[in-house]
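No value in this document is a laboratory result; all are computed from the given coordinates. Since this is a predicted model, take the numbers as computed values, not measurements. In this analysis, Cβ positions are derived from the backbone assuming ideal geometry, glycine residues included, and neighbour counts consider all displayed protein chains.
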Protein chains: 2
Amino acid sequence: MTLLAGVELGGTKCVCISGTEPDDIRAMVELPTTTPDETLAAIRAVLGQWDHEALGIASFGPLDLDPSSPRYGRIVHTPKPGWNQAFLADLAGGKPFALDTDTNGAAIAEGLWGGAQGLSSWAYVTIGTGIGVGSIVAGKPVRGLGHSEAGHMRIPRGRGDSFPGICPYHGDCVEGLASGPAIAARAGMSGRDIPADHPVWPQAADALAALCHNLMLTTLPQRILIGGGVAAGQPQLFPLLRARLAESIADYGGVLRLAGPLSAYVAPPALGKKAGPLGALALAARAIA
Amino acid sequence: MTLLAGVELGGTKCVCISGTEPDDIRAMVELPTTTPDETLAAIRAVLGQWDHEALGIASFGPLDLDPSSPRYGRIVHTPKPGWNQAFLADLAGGKPFALDTDTNGAAIAEGLWGGAQGLSSWAYVTIGTGIGVGSIVAGKPVRGLGHSEAGHMRIPRGRGDSFPGICPYHGDCVEGLASGPAIAARAGMSGRDIPADHPVWPQAADALAALCHNLMLTTLPQRILIGGGVAAGQPQLFPLLRARLAESIADYGGVLRLAGPLSAYVAPPALGKKAGPLGALALAARAIA
C-alpha cells in the first residue's frame, strides 16, 4: 500500500493526516489556522517527518484550480484576513499532489471509501458555518468557471418565511437561509440549544430541499450526501428535507424513480466526521491513480 | 470529409439533415411530428436515401440515455400523447450513432462550430415553449440522474412578482415563470404582440438571471448561450438579464472576473436558428470522433 498524506485546511484549524486508507490511519495532527506564514510552516514541519509518496490538500476557498492561471494553487477572493493569495501548492515539496476544495475532497473520499462507491455522479453537501457543495460528474469534480459554489444558489423562500438571510453577498441564498449561523439567527439562540421540534428546522429543510431539487436537475447526482456539524447534530432534518424534496420535484421526468428511495438518496456521509481529513487523503490517492 | 446525418426530433416537427459541417449542408427535410409509427417511418424513408456514415439524434425528452437501462434509447415520461417509450435508437440501422436531448445537441454544435469553441464547460439555454438547458462539463454533456433539466430549477420570484407560474409540475420554476407561454400568460397577449418595453420582459429577465446565477455556481459554464424563439425575437432581454445577473451574483468568489464581460459571457448562439438541426449533425460527428 502506498503511504499518502493529506492536509485539510479549514478556517479555524487544519488537520494533517498520514495513512493509506480509512482503516489504516498512521497519524493525525491538528493545528490552529492563524496566519499563512505560521500555519503553512507548521504544516510543512509535520509533513517533513512523514515518508508519504503523494499529498492531497483539501482547503477552504475559493481556490484557483486552473493549471493555466498565474494564480494556480492559491486561495483567492477569500474574506479571511491574510489568506488572500496564500500559496498552497508548494506544500507538496515536489511530490505528486492534488489540490481541491474541502467539499470536493470529502466528495471524492465518499466515492473511494464511503457512501458514493460505484456511482459516476454525486454531491457532498456540508452544513456548518457555511454551506458547501462538492459536485462530482463523470467521476471528477466539476470544473469550469472556478469550482462548485452551489451553496450560494438562489432559491425561493419557504411559505411564510420572511427571514432576510445572512449571506454578506446574496442575503437569502441557500447559505444565507440555512447555514448554522443562519439557523441560530432565525432562532435567536445558539444552534445546540435549539430543540428538535423548533419551527426553524422545517424552514431550514425548505431551503435545503430547494438546493437538492436544483442539484438533481443540473449536476444530476445519483446520491446526495449531507454532512457537516449542523446535519450531524440534527438528524430530524433528514426526514423533513426528504418529504419537502419529494413534494418539490413532483417526480418531473421520472427522477424520483431514477433516484430510488429518498431515505438512501439523501443520506448522511458514510465517513461521518472523518470525511474532511479523509478527503485530503483521497485527493492524494487520486494524484497517483 | 465524412458524410453525416442528423435527426432533430421536436414536438411539432422534425428535421432530417445531411452534410459534413455547417458550411456543407447537402440536404434538409422537414416532417411533421404525428404518431411515432408514422413519423419514425417517414424519417427512416428519408435516411434510407442518404449515404451517411454516422447518425445523430437530437430529441425532445425526457430520454433514457443510460446504456445499462432496459429503456435505453427511448423517450420516457413525456406528456406528449403516444410518444412514451418511443424507441429512437434503431433509426441508426446499425451505423454508429449518438442520441441526446435537443438542447445537449445544440450545445455540442456550439462547441464544435459556434460560440463555445475552445471551452471545456458551457451551457446552451433555449427559451421557447419550454426552457431547456444543455450542460457541457469537461467537454461532455452532464450525465447522472438522467440528463439536464435545469429549466425546472426552483428560483426566487423577482421583487413584487406575484405571477403563479404555469409549469404543470412545479408552478413557478424557471420554465413556469419565463417560457414563451408563461410570458404570454403574464402579458395576456401573444408573445409577438408584446411591446419591447412591456414590464413582462424585466420579470422574465429576473427568472433567467436566477437561472444563470445558479448555473454559474453549479455546472460552472465558461459561457452561457441563450437561444430559442423567445430569445431570438426579443433582443432587449439580453441587457436586462446581464444587469440583473451582475447584481445577483455580487461577484461572489470573483466569478465575474473569471466570466469576463457579461456581454460575451451571456450571448446568443453563434449558429442561430440552425443550432437545432446542426445539433443532430454534431452528435453524429461525436459518434465517430
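Taking chain A as a Gaussian network, where each spring joins two C-alpha atoms under 10 Å apart, which residue of A:65, A:145, A:245 fluctuates the most? Checking each option, the largest mean-square fluctuation is seen for A:145. As a calculated quantity, the FRET efficiency between residue B:35 and residue B:243 at R0 = 60 Å, using C-beta atoms, amounts to about 0.85. Distances between copies at residue A:30, taken between label points 7 Å from Cα along the C-beta direction, are 6.8 nm in increasing order. Within region A:124-166, DSSP assigns beta bridges of which about 100% are antiparallel (rounded to the nearest 5). Each principal axis of region A:117-269 carries a Cα extent, and these read 42, 32, 25 Å when sorted largest first.
Straight-line reach only, C-alpha to C-alpha below 16 angstrom: list the lysines that residue A:273 could link to, leaving out same-chain residues fewer than 8 apart. Once the sequence-local lysines are set aside, what remains near residue A:273 is A:13. Antiparallel beta bridges, as assigned by DSSP with both residues in chain A, represent about 60 percent of the total such bridges. The tail of the calculated P(r) for chain B, taken as Cα-Cα distances beyond 30 Å, holds 29 percent of the pairs.
Counted over all Cα-Cα pairs of the protein assembly as shown, pairs farther apart than 35 Å make up 38 percent.
Note on region B:33-101 and region A:193-265: Cα centroid distance 34 Å, given to the nearest whole angstrom. Spacing of the modelled spin labels on residue B:20 and residue A:24, each 7 Å from Cα toward Cβ, amounts to 5.5 nm.
Across chain A, the mean sequence separation of Cα contacts (distance under 8 Å, 6 or more residues apart), normalised by length, yields a relative contact order of 23 percent. When only the Cβ of Lys, Arg, Asp and Glu is charged (+1, +1, -1, -1), the dipole of the protein assembly as shown relative to its Cα centre reaches about 360 debye. Relative to the 2.2 N^0.38 Å rule of thumb, region B:186-282 has a C-alpha radius of gyration ratio of 1.15. Summary for residue A:45: label point 7 Å along Cα→Cβ; distances to the equivalent points in the other copies, ascending, 8.3 nm.
Put a dot 7 Å past the Cα of residue A:13, heading toward its Cβ, do the same for residue B:85, and the two dots end up 5.7 nm apart.
The modelled label-to-label distance for the pair residue A:72/residue A:49, using points 7 Å beyond Cα in the direction of Cβ, is 3.3 nm.
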